[in-house]
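The values are calculated or read from the model by the stated rules, or taken from the named source; none is laboratory data. Please read all numbers here as calculations on a predicted model, not as lab measurements. Cβ: placed from backbone, ideal geometry, glycine included. Neighbour counts: every protein chain shown. For accessibility, only protein heavy atoms count, side chains too; no ligands or nucleic acids. Shrake-Rupley method; radii C 1.70, N 1.55, O 1.52, S 1.80 Å.
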There are 2 protein chains.
Amino acid sequence: MSNKKINASNINPDISSVIEFLAPHFGERLSTATALRVQHGQGEDSHGCIPPDAVVYPSNNDEVALIARICNEYKVPLIPYGTGTSVEGHLLALQGGISIDLSQMDQILSVNAEDMDCRIQAGVTREQLNTDLRYQGLFFPVDPGANASLGGMAATCASGTNAVRYGTMRENVKGLTIVTADGRIIATGTRARKTSAGYSLTQLMIGSEGTLGIITEIQLKLHPIPELTKAAVCSFKDLEGAVNTVIEAIQLGIPVARIELLNSLQMKASIQYSKLSAFEEAPTLFFEFHGSTQGVAEQIGTIQALSDHHGGSAFRWAENTEDRNTLWKARHQAYFAGMSLQPGSMSIPTDVCVPISRLADSILDAERYAESLGLQCPIVGHVGDGNYHILIIFDENNSEQKNNAKRLSNYVVEQALAMGGTCTGEHGIGSGKKEYLLKEHGEGVELMRTIKLALDPNRILNPGKVFD
Amino acid sequence: MSNKKINASNINPDISSVIEFLAPHFGERLSTATALRVQHGQGEDSHGCIPPDAVVYPSNNDEVALIARICNEYKVPLIPYGTGTSVEGHLLALQGGISIDLSQMDQILSVNAEDMDCRIQAGVTREQLNTDLRYQGLFFPVDPGANASLGGMAATCASGTNAVRYGTMRENVKGLTIVTADGRIIATGTRARKTSAGYSLTQLMIGSEGTLGIITEIQLKLHPIPELTKAAVCSFKDLEGAVNTVIEAIQLGIPVARIELLNSLQMKASIQYSKLSAFEEAPTLFFEFHGSTQGVAEQIGTIQALSDHHGGSAFRWAENTEDRNTLWKARHQAYFAGMSLQPGSMSIPTDVCVPISRLADSILDAERYAESLGLQCPIVGHVGDGNYHILIIFDENNSEQKNNAKRLSNYVVEQALAMGGTCTGEHGIGSGKKEYLLKEHGEGVELMRTIKLALDPNRILNPGKVFD
């Protein structure tokens, strides 16, 4: 949680050999500068920073393969880096090694509008892709908030606000190019929309967090930009009303594009921080509807009826694009809004995902426990998926608060597991949730380890992540 | 293709030891009777029959684990069996061994209507599940035609007519219980709708065709039975018109539940066999629309406009449930209808999947080549996915026709691969398409083999399938 001490740069002889080997090839694209190493040794979390020994910027598959081969030969760790927006200590150089920054592999290699797919290099970011696509009437829906690289998003199985309708990275990747630990370049999948041809290496790599291979290219499914997009906000007397509205909407098969839940405390924070003055400090749903004029009208009619039944307010509309952007910007700023509740504090941002029938119980339980511990915990949830984020704010100089924060974080995960849920819906395991992965999957982790050792016998790929 | 000779039952000493060990435990649920062995040594294809040495019927996870442990100890092959409806030689006991028939594991363990999921044993069939669910307003959409077991469907990554809207098995399985080669019982996944917790063992097992583990339980996603279901048929002047109608519908994001293409020859066969007297011998689309009254009307309006533009006839409606059932029964009978074109013949039923923009080219090319070889080849396609089935009919006693059939089958797959497609969209590799898997995935197959050997070092699980 606290910033760990930055390693002194006692580069071991093997790493020196690797750097020596790579230096003539990469020139200025290989660096051991402290500032760069520090940047690459941390994510957007409070797991601290453990910098790698060097950072290298390959620009094509062959260069990634070259780096892998030499690192494998010298058994030097290799940590893939996209935009550094992960939140579970995925980037800590626990055993030193080389950070392989894929940001220069940022080419959109091809877009096929007829088949609605594209092939990109792993360093392309979500916003870059959507900017490029917008004149073709297509978009890529997976939106984890941060402007992450698609390679990182595939590696952590990212999802976000649109997943309730469009799926997560798992449902939107057709194939990958990966570089193995020993430097082989392997294409998985095809351009077909489905396949039964052999084991899905694509699906095995998604969510493997750089521990099984380095993702260098991705074949993505795209979606048509909807004819009409409308957004609305509805506040509720209580959290159950909000959650039950969503449960019934899902049961009716209403294809809502986004349904985001903010608890009262998060609304308080967002009203202040994002200047949402028209809104109430109450459990609130943010909706976005995609479709034809008629289809959207029908979705809205049904959802309004459901929310009326569950004590929801009248819908407040974000009529035009600007209003809609303000609304979703506020949603994306939820983290910073939350942090502003107690300026100068630290936080544990955790995420769990439970069966949707248990979501209200899970959140209310977390709120109660937080209150009993005297902690402030704004909550936002991708409620249609049963996935929510709790931001546990604490003062690092207050050891009781710090311990309570850890206690609450642990409690939320344990409760999620007891409810048949998962310890992370979209952040991944990294180095932060390894103990929970064991609790969740037990002997399954042994199988994962067997696969890891088979594909990366020298354990060079992002070692110490997912499991030990 | 032809029926291969049935093995003489020269049971090797290791298999005898396994049978001897299992006999007291399983009693009449273990059999070496020839008829049963023959039944279990073949699928619904023309890859012939190679019977296992014995068939055993476990009734719970522990019994499956017991069987795996003893087979692993003696290095005796273990071939999982569901309903025997696979079509790529998945069930051939290439190295002898034990067929593990999961049909007695047919319990629906739990249904949660609120979360729209259920947990079932692997032997539950698709029709059994939907019959059980119908009073709860829910259904399981994946429909490969045959009344297959869900375990078998997961193992081959089955899909079928509804996949264009509801996805394949890959998108509809939340978790599994598997028994490993060494007899460990491992649960994968959770009840959450999504997760980023570690490697997806669930996804790795889906499509692994019994070669990585034995699937014994499945956690499935369910869907609400739509308010309204309507079916229609539309014939086209040419195949391009039909395919272009579908491409544009997909691009517009119209959520059609089923879009099936039948080529002229398949229509000729189905008109005769299934008594569809009202229809024409022309490229034809069968549609099914799911949704609200208003939503379905809107879908139909859009699709009718698209098909008008592409030379489609007026829609012919299957107004009531009975008419609809007649229509989809005819679609499900397509194989038998096709075979009736040349009574007493054999056939190669193959399936490929291409990017949808290449579908018309791919089918027309196959039709032309078939004609040049003097072969009759009815074609049906899950056209929204770019997936089609070509039934290559030949007289086994006519060696030229037989060779030409093989030549055409090979041609169709090679063309699909050249177009960026896959050698199988839903049938799987089995023992029939191993050479094509290599062509499709190259070095990727080496990775698959590494994983296989790590999880099943004695190669007891369905050996000789997927790859050698």
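Can you say whether residue B:385 is crowded, with 24+ Cβ neighbours inside 10 Å and at pLDDT 95 or above, as far as the supplied structure shows? If you could, list the steps in order and put the result at the bottom.
Working: crowded, with 24+ Cβ neighbours inside 10 Å: yes; at pLDDT 95 or above: yes.
Spelling it out, residue B:385 is indeed crowded, with 24+ Cβ neighbours inside 10 Å and at pLDDT 95 or above.
Against the test of being more than 15 Å from the chain's Cα centre (by Cα) and without any contact (Cβ under 8 Å) to a residue 24 or more places away in the chain, the options B:112, B:130 yield a single qualifying residue, B:130. In the set A:279, A:315, only one residue is surrounded by fewer than 24 Cβ atoms within 10 Å (Cβ to Cβ), more than 28 Å from the chain's Cα centre (by Cα) and of a type in the set (Phe, Trp, Tyr); that residue is A:315. Within the range B:81-104, being open to solvent by less than 30 Å² (accessible area, probe 1.4 Å) and assigned to a loop (DSSP other than H, G, I, E, B) holds for B:82, B:84, B:86, B:87, B:88, B:89, B:90, B:91, B:92, B:93, B:97, B:102. The one condition from (1) touching a residue at least 12 places away in the same chain (Cβ under 8 Å); (2) outside any loop (DSSP other than H, G, I, E, B); (3) buried (at least 23 other Cβ atoms within 10 Å of the Cβ); (4) facing chain B (nearest Cβ under 8 Å) that residue A:451 does not meet is (3).
Looking only at residues of the range A:184-200 that are open to solvent by 10 Å² or more (accessible area, probe 1.4 Å) and in contact with a Gly (Cβ under 7 Å, 6 or more places away or on another chain), we find that the one that is farthest from residue B:447 (Cα to Cα) is A:193. Would you pick out the residues in the range B:420-448 that are more than 7 Å from chain A (Cβ to nearest Cβ), on the phi > 0 side of the Ramachandran plot and open to solvent by 10 Å² or more (accessible area, probe 1.4 Å)? Within the range B:420-448, just B:442 meets the criteria. If you go through the range B:363-382 and keep only what is modelled with pLDDT of 95 or more and among the polar types (S, T, N, Q), you end up with just B:372.
Among the numbered conditions (1) buried (at least 24 other Cβ atoms within 10 Å of the Cβ); (2) touching a Leu at 6+ places or on another chain (Cβ under 9 Å), the only one that residue B:225 does not meet is (1). Considering the conditions (1) touching an Asp or Glu at 6+ places or on another chain (Cβ under 8 Å); (2) surrounded by 23 or more Cβ atoms within 10 Å (Cβ to Cβ); (3) not acidic (Asp, Glu), residue B:412 is excluded by exactly one of them, (1). Answer yes or no as to whether residue B:216 is farther than 26 Å from residue B:174 by Cβ, open to solvent by less than 20 Å² (accessible area, probe 1.4 Å) and either charged (D, E, K, R) or in contact with a helix residue (DSSP H, G or I) (Cβ under 6 Å, 6 or more places away or on another chain) (or both). Taking the combined requirement at face value, the residue does not satisfy it.
Residue by residue through the range A:333-359, note down the ones that are closer than 18 Å to residue A:408 by Cα and either open to solvent by less than 10 Å² (accessible area, probe 1.4 Å) or among the β-branched types (Val, Ile, Thr) (or both). Answer for the range A:333-359, where residues must be closer than 18 Å to residue A:408 by Cα and either open to solvent by less than 10 Å² (accessible area, probe 1.4 Å) or among the β-branched types (Val, Ile, Thr) (or both): A:338, A:347, A:348, A:350, A:351, A:352, A:353, A:354, A:359.
Filtering the range B:228-259 to residues that are polar (S, T, N, Q) and open to solvent by less than 10 Å² (accessible area, probe 1.4 Å) leaves only B:245.
Residue A:400 meets the conditions (1) open to solvent by less than 10 Å² (accessible area, probe 1.4 Å); (2) more than 19 Å from residue A:283 (Cβ to Cβ) in every case but one. The failed one is (1). Looking at the range B:5-80, the helices (runs of 4 or more DSSP H) lying wholly inside it that each contain 3 or more residues that are over 31 Å from the mean Cα position of the chain (by Cα) and without any contact (Cβ under 8 Å) to a residue 40 or more places away in the chain sit at B:13-26.
Pairs linking a residue in the range A:381-403 that is away from chain B (no Cβ under 14 Å) and within 23 Å of residue A:340 (Cβ to Cβ) to a residue that is open to solvent by 10 Å² or more (accessible area, probe 1.4 Å) and basic (Lys, Arg), with Cβ atoms under 7 Å and 6 or more positions apart or on different chains, are A:394/A:402; A:396/A:402.
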